[in-house]
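Structure first, commentary second.
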Amino acid sequence: MDKQKFLDILKKQILIMDGATGTELQKKNYLEGVLIPEELNIKFPERISDIYYSYINAGSNIILANTFGANSIRLKHHGLLSKADDIIKSGIDLIRKISKDVIIAGDVSSIGEYIEPLGNLSFDVVYNAFAFQMSLLQKYGADIIIIETMTEIKEMKAAILAAKENFTGAVIVQMTFSKDGITATGTDLKSFITIAESLGVDALGLNCSIGSKDLVELVKILCDNTNLPISFKPNAGMPVLINHKTYFPETKEEFIESSLEAYSYGVNMLGGCCGTSPEFIKILSEEMKNKVPNIREKKNKYFLSTRTKAIDINEMKKPVIIGERINPTNRKKLQEELIKWNLSIVKDEARSQVSVGANFLDINMGIAGLDEIKLLTNAVNQIQEIVSVPLCIDSSNAMALEQAVKNCAGRPIINSVNGELEKLNLILPIAKKYGAVLISLTTDDDGIPKTSEDRLKIAAKILNFADIHGFERKNIIFDYLVLSVSSSPEQTQETLKAMRKSKRLYPQCKLVLGISNISFGLPSRQTINSTFLKMAIDAGLDFAIINPHENWKIYDTFAINLLKNNDKGAIKYMEVFSSFKKQVPKNFVEHKLPLDEQLYFAVLNGNKESIPNILDHIIKSNNSNFFKIVNDNVLKALNFVGEKFALKEYFLPQIIMSAQAAQLAFAIVKTTLKKNQLSTTDKIIIATVKGDMHDIGKNIVGAVLESYGFDVIDMGINVDSQLIINKANEIKPVAIGLSALMTTTMPEMKTVVKLRDEINIQTKIIIGGAAVTEKFAKEIGADAYAKDAMEAAVYIRTLKQ
């Protein structure tokens, strides 16, 4: 189906989507005899056809093909990659045989593993897995793509990019949130909107995870913050297990009530997810019959974001501050650390600038002789997981920019392009592809023009280039360039004049300046910088690239006369400030923390690079007592991170980074301790139970437990219950950790408990997973339930006391 045709339909009518495919397959025992649901398409096509038919008969206008996990990584894992064409073709053809009128959606969902640095997969590997699937959905005639049940923003980004580049129809993306509107990795609803919109999706929505009553509260936030069409596919409540069978407690009446409320907010597409049978969809279809879309008020948002936070520039006090300190230029110590590939100073600088008010961070990793592509990408990956402000990615190297922007888990600014045609051709397409905003300098091959008129001509040239290439003008931020008032006193007013004219000519384009250039070569630089900032704000400045640690409240009469190039302004300024020296407190000595505190903060902040050097000094200085120092401070840091996680002030990225730093510390300790000391290390078995292929949660638990010094034996996914007990009987672990995401696999946990009790081994069993509850743990005789990795660690540590 032509994309525009689909969008035109959305403007005229409410589309009914289908309901739960997975739970219907489970209810009818249709998953017997196949490795994964997608294999039904070629092995038992009559089964999946039965599900398709039931939803078409119930009134669905959109049917999702049974291709949910048909990406190359998952198919290869199950030995089905060679049958990918047949699986996807059949999944689509079976729908078309039943009805020629329904819209067929190619269904795409998660790989099941995180992208680095949270996981081990590279962005490109995940992109390629999705591109493989998208190209087959295009080849075999899907009308639209629905990317659904996404929980991690970088994976969603990879899927959208793959769809946009390998599929010509409309692309809809749906994420899954908890009741509080946050994903497990900390993404909120506005960050989802920001990234999805910037990458050019045609519609967005919510599905799965929670019941309709809670999800409708979240969909209202979507309707209030985007102009795109919106979809709504809630569960029939949260699943509960009764007598080893899964039930969804929400009634059809409750489901319809929430769906009607979602419609009233302006939702265009309505359907259901887990637990919503054809009966739910039939009633929904009847309720929505003859209804037309509600017209929503047009929103004027200008979102930029990280993984965890979006900010609307239009609502922020001006100027928006871009911290300039992460730049090795003229910073010898930072250069030395970066040459050693140590990002500790960079991460400390990021936290420090944010703590004093930076709204963005400029990230520049340009050092001659180093691999800027690798260094800049690594810096972006690490910084974005420790602070919640968006990034301004700063490089003149197009390849470095592309890799860094690709790996950014938010919507960044690119710094920068200029009027040179070669640079425009290289960098503007990167900004367009990845949804970034682009700083554009008003200079070209002839250098910086002397007049405001000539700078505005370059701005017009850049805008014309952007128009031709389909890059929206609102995504361009102009920099009319600051020259030192000491060498070019007349240029200051030309810059301000260009800014004022730009605001009149191109009101959709925002303005930025690097403020500190103005004072180069002069005394009391901050007096000039701060005074000029106020003048630039009055001229329409939106963003200021500055050092946020400095005093920006100075507005000095002598500096004003200097900047306005008034008669004898420079002479009078020099008479007053020529003896100025930056004040340093008497007896000032650089503060250096004791070694134990250095270790504590290194683990707390996830500064993995600092660990080896700190441990080396601790071991040499405290030869007989070093284990206690390491153990006490590492655990103290992890406990603090755990407390912050419980308060939802930290999210999984911070947990993982601290855990990795702690793991490294204990690994170094292990290589130092004698072998007889190592033999007392407590062992933990972790496994995803038989029939369950999900391992993200299990892997996080394993990483956290290792960071606490446990010897973790990870048996993997889909592990037979008897194999788990055999291993436990062999190594006598202090605990077995069992994970299950699906309610259908939860009964395997009871099997493991039963087998343990039969042979009477003294090993505790702790269970967890999305649908697992404390009540279920007690029912099956498990020793404990943990809702997340930190709870698991707290419980297992008590076994050592």
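The set of residues in segment 223-261 that are within 30 Å of the chain's Cα centre (by Cα) and either of a type in the set (D, E, K, R) or more than 21 Å from T21 (Cβ to Cβ) (or both) comprises C223, D224, N225, T226, N227, L228, P229, I230, K233, E261.
For segment 4-47, residues that are surrounded by fewer than 20 Cβ atoms within 10 Å (Cβ to Cβ) and polar (S, T, N, Q) total 4. The strands (runs of 3 or more DSSP E) falling completely within segment 245-331 that include 3 or more residues that are farther than 30 Å from F6 by Cβ and in contact (Cβ under 8 Å) with a residue 12 or more places away in the chain map to 320-326.
Out of all the residues in segment 733-742, is one or more open to solvent by 50 Å² or more (accessible area, probe 1.4 Å) and of a type outside the set (A, V, I, L, M, F, W, C)? Scanning segment 733-742, I find no residue that is open to solvent by 50 Å² or more (accessible area, probe 1.4 Å) and of a type outside the set (A, V, I, L, M, F, W, C), so the answer is no. Of the residues making up segment 718-735, those that are of a type in the set (A, V, I, L, M), out of contact with any helix residue (DSSP H, G or I) (no Cβ under 6 Å at 6 or more places or on another chain) and touching a residue at least 24 places away in the same chain (Cβ under 8 Å) are V719, A728, I731, V734.
Looking only at segment 556-564, decide whether some residue is closer than 18 Å to S484 by Cβ, outside any helix (DSSP H, G or I), open to solvent by 20 Å² or more (accessible area, probe 1.4 Å) and at pLDDT 90 or above.
yes
Close contacts from segment 778-801, counting a first residue that is more than 11 Å from L705 (Cβ to Cβ) and in contact (Cβ under 8 Å) with a residue 40 or more places away in the chain and a second that is open to solvent by less than 60 Å² (accessible area, probe 1.4 Å) and assigned to a loop (DSSP other than H, G, I, E, B), with Cβ to Cβ under 6 Å and a gap of 6+ residues or different chains, come to L799/V734. Mind listing whichever residues of segment 519-550 are among the hydrophobic types (A, V, I, L, M, F, W, C), at pLDDT 95 or above and not in a strand (DSSP E or B)? Listed by number, the residues that qualify are I528, F532, L533, M535, A536, I537, A539, L541. Scanning segment 674-697 for residues that are modelled with pLDDT under 85, within 22 Å of I115 (Cα to Cα) and of a type in the set (D, E, K, R) turns up at least one hit.
Every residue, every condition in (1) surrounded by 23 or more Cβ atoms within 10 Å (Cβ to Cβ); (2) more than 30 Å from G606 (Cα to Cα); (3) of a type in the set (K, R), yes or no:
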{"residue": "T67", "(1), (2), (3)": "yes, yes, no"}
{"residue": "A70", "(1), (2), (3)": "yes, yes, no"}
{"residue": "L75", "(1), (2), (3)": "yes, yes, no"}
{"residue": "L81", "(1), (2), (3)": "no, yes, no"}
{"residue": "V126", "(1), (2), (3)": "yes, no, no"}
{"residue": "I147", "(1), (2), (3)": "yes, yes, no"}
{"residue": "Q174", "(1), (2), (3)": "yes, yes, no"}
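Taking segment 456-465 as the range and being crowded, with 16+ Cβ neighbours inside 10 Å, aliphatic (A, V, I, L, M) and either on the phi > 0 side of the Ramachandran plot or out of contact with any Ser or Thr (no Cβ under 7 Å at 6 or more places or on another chain) (or both) as the test, only L463 passes. Taking segment 71-96 as the search range and keeping residues that are of a type outside the set (A, V, I, L, M) and assigned to a loop (DSSP other than H, G, I, E, B), which one is farthest from the chain's Cα centre (by Cα)? Here the residue is G79.
Can you pull out every residue in segment 219-231 that is touching a residue at least 40 places away in the same chain (Cβ under 8 Å) and either open to solvent by 10 Å² or more (accessible area, probe 1.4 Å) or within 16 Å of K299 (Cα to Cα) (or both)? Result: V219, K220, I221, C223, D224, N225, T226, N227, P229.
If you go through segment 778-786 one residue at a time, do you hit one that is open to solvent by 40 Å² or more (accessible area, probe 1.4 Å) and either more than 29 Å from Y650 (Cα to Cα) or among the hydrophobic types (A, V, I, L, M, F, W, C) (or both)?
yes
If you go through segment 180-218 and keep only what is closer than 20 Å to G697 by Cβ, free of Cβ contacts under 8 Å to residues at least 40 places away in the same chain and touching a Pro at 6+ places or on another chain (Cβ under 8 Å), you end up with just I210. Give segment 234-268 a look and list any residue that's at pLDDT 95 or above, open to solvent by 50 Å² or more (accessible area, probe 1.4 Å) and polar (S, T, N, Q), or say none. Passing the criteria: T251, S264.
Please name all residue pairs, on different chains or six or more residues apart, with Cβ atoms under 6 Å, provided the first residue is in segment 458-473 and is more than 13 Å from I439 (Cα to Cα) and the second residue is of a type in the set (G, A, S). The qualifying pairs are I458/G419; K461/G419. Pick from segment 383-426 the residues that are within 13 Å of the chain's Cα centre (by Cα) and small (G, A, S): which of them is modelled with the lowest pLDDT? This residue is S388. Take the conditions small (G, A, S), over 30 Å from F640 (Cβ atoms) and open to solvent by 20 Å² or more (accessible area, probe 1.4 Å) and apply them to G769. Does it pass? No; evaluated as a whole, the condition is false for this residue.
Taken over segment 510-527, residues that are over 18 Å from V417 (Cβ atoms) and under 39 Å from the mean Cα position of the chain (by Cα) amount to 8.
Name the residue, out of D202, D180, that is modelled with pLDDT under 95 and either in contact with a strand residue (DSSP E or B) (Cβ under 8 Å, 6 or more places away or on another chain) or open to solvent by 30 Å² or more (accessible area, probe 1.4 Å) (or both).
Criteria check complete, one pass: D180.
The rows are residues; the columns are (1) in contact with a Pro (Cβ under 9 Å, 6 or more places away or on another chain); (2) part of a loop (DSSP other than H, G, I, E, B); (3) of a type in the set (A, V, I, L, M, F, W, C).
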position	(1), (2), (3)
T23	yes, no, no
I42	no, no, yes
I51	yes, no, yes
N57	yes, no, no
G69	yes, yes, no
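Return yes when K318 is under 30 Å from K608 (Cα atoms) and surrounded by fewer than 20 Cβ atoms within 10 Å (Cβ to Cβ) and no when it is not. So K318 does not fit the description; no.
The values are calculated or read from the model by the stated rules, or taken from the named source; none is laboratory data. These numbers were taken from a predicted model, which means no experiment stands behind them. Quick reminder, even Gly has a Cβ in these numbers, built from the backbone with ideal geometry, and neighbours come from all protein chains shown. Ligands, DNA and RNA are excluded from the accessible area calculation, which covers all protein heavy atoms including side chains. Shrake-Rupley method; radii C 1.70, N 1.55, O 1.52, S 1.80 Å.
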